[in-house]
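Single-structure report; data block below.
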Amino acid sequence: MNFLKTLTSAAMVSAIALMAVPANAADTRIALVVKSLGNGFFDAAAKGAEEAAVEIGGIEIIYTGPTSATAEGQIEIINALIAQQVDAIAISANDPDALVPVLKKAMDRGIAVISWDSGVAAEGRQMHLNPSDTALIGETIFKLAADYLPDGGQVAILSASSTAANQNSWIDAGKEALPTMFPNIELVATVYGDDDSVKSTDEAKGLIASYPNLKAIIAPTTVGVVAAAQVVTDMGLIGKINVTGLALPSEFKQFIDSGASQAVALWNPIDLGYSAVYIANALATGAATAEPGSTISIGHVGEITLDDATSAAMAAPFTFDASNIEEFSKIY
Ligand code: RAM
């Protein structure tokens, strides 16, 4: 009886082992952790991540993120990924500092960690991939407003969450450029919609109520920019308030068509997810190291060289207006 019992449990153990390790198991499991799920920008990045996985081979992508853009939600997810012993974590962080302890824990366990899109402090990751040069993005978002305000005027920013390192760095860079590059533009307020449509809508309405002379809303977030353009449309303010910022052409084309916006900008989010996977894989497999001056291949997108802060930028942003948004809206 005891013998039979032993046999049975041994058979069960091997059955479980077989289930856990399928014949085609990927060599490298890379988790793409995003600010929040349900955001078209991150879905496009996940598409690029899958493209890179197919191209490189032997990679499984785990696309994950919290339902709302909070650091707490991401910490829970990262703890689960550590328990699953993934090979790499590539995170767009909701907070540059709050994620550091759990990401350090991941690195201590031998997991390669990079941040992309929205960074974490240097001690919490091996490198950070910016989509584009930070100063260039900051200047671009104000230029998009200034170009359509020849006489200047009041503008306000509707951002993502107040702790998002990417938006904060673009806003800071833009503010620095204001006095010299756009002296007629007056920034009257910065509010935060947390990459949540409902909160972004409320914040956009609040700006319009508080600043009756507002000429433009700059939303450097693909979620906020759609919410602001919808509010301007619903309130019959097309032609009075120009909505601009960073937008996904597929989600935003309708607002360029209607005139709620004259132009917006963005980099290629598919390429960004693709590049993040190339880098995460290179670090996880030991094919590259993350030191200042290291050069890492990002496949067909090119290569990056890490600066003294072990960060790098992918490519310049594109501007979308009535002349080209149709074409780009079919891609992302
Ligand atoms: C939102 C997110 C993301 C940002 C884009 C432009 O989707 O906040 O982090 O890069 O907008």
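The values are calculated or read from the model by the stated rules, or taken from the named source; none is laboratory data. The structure presented is a predicted model; accordingly, all values stated were derived computationally and were not measured. In this analysis, Cβ positions are derived from the backbone assuming ideal geometry, glycine residues included, and neighbour counts consider all displayed protein chains. When the accessible area is computed, the model is the full protein with side chains, heavy atoms only, and any ligands, DNA or RNA have been set aside. Shrake-Rupley method; radii C 1.70, N 1.55, O 1.52, S 1.80 Å.
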The chain - accessible surface per residue (Å², probe 1.4 Å)
43
Using a cut-off of 13 Å between beta-carbons, work out the net charge of the residues near LEU136 (Lys and Arg +1, Asp and Glu -1, LEU136 not included).
-2
Under a plain spin-label model, where a point goes 7 Å from the Cα along Cα-to-Cβ, how far apart in nm are ASP257 and ASN79?
4.6
Calculate the dipole size of region 134-266 relative to its Cα centre from +1 charges on Lys and Arg beta carbons and -1 charges on Asp and Glu beta carbons; express the result in debye to the nearest 20.
200
Rounded tilt (10° steps) of 222-234 against the dominant C-alpha axis of the chain
40
Roughly how far apart, in whole Å, are the Cα centres of region 37-79 and region 88-129?
14
Sorted from largest down, give the three principal axis spans of the alpha carbons of the chain, whole angstrom values.
88, 45, 37
Given the options ILE89, LEU283, VAL301, identify the residue whose Cα lies farthest towards the positive end of the charge dipole of the chain (+1 on Cβ of Lys, Arg; -1 on Cβ of Asp, Glu).
ILE89
Which length gain, in nm to one decimal place, applies between HIS300 and MET235 when the Cα-Cα distance is subtracted from 0.36 nm times their residue separation?
19.0 nm
Taking only Cα atoms of region 134-266, radius of gyration then Dmax in Å:
12.9, 35
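On the protein heavy atoms, probe 1.4 angstrom, tell me the percent of accessible surface of the chain carried by carbon and sulfur.
Values: 7620 of 14290 Å².
Carbon and sulfur atoms account for 53 percent of the accessible area of the chain.
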Measure off 7 Å from each Cα along the Cα-to-Cβ vector at VAL54 and GLU123, then give the distance between these two points in nanometres to one decimal.
4.2
Kirkwood hydrodynamic radius of region 189-332, Cα pairs, Å
16.9
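Nearest-5 percent of antiparallel DSSP beta bridges in the chain?
Values: 7 of 43 bridges.
Around 15 percent of the beta bridges assigned by DSSP in the chain are antiparallel ones.
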Inter-label distance, nm, simple model (7 Å from Cα along the C-beta direction), ALA189/ASP108
4.4
For the chain, find the longest principal axis of its Cα atoms and tell me its angle to the long axis of helix 249-258, 0 to 90°, nearest 10.
20
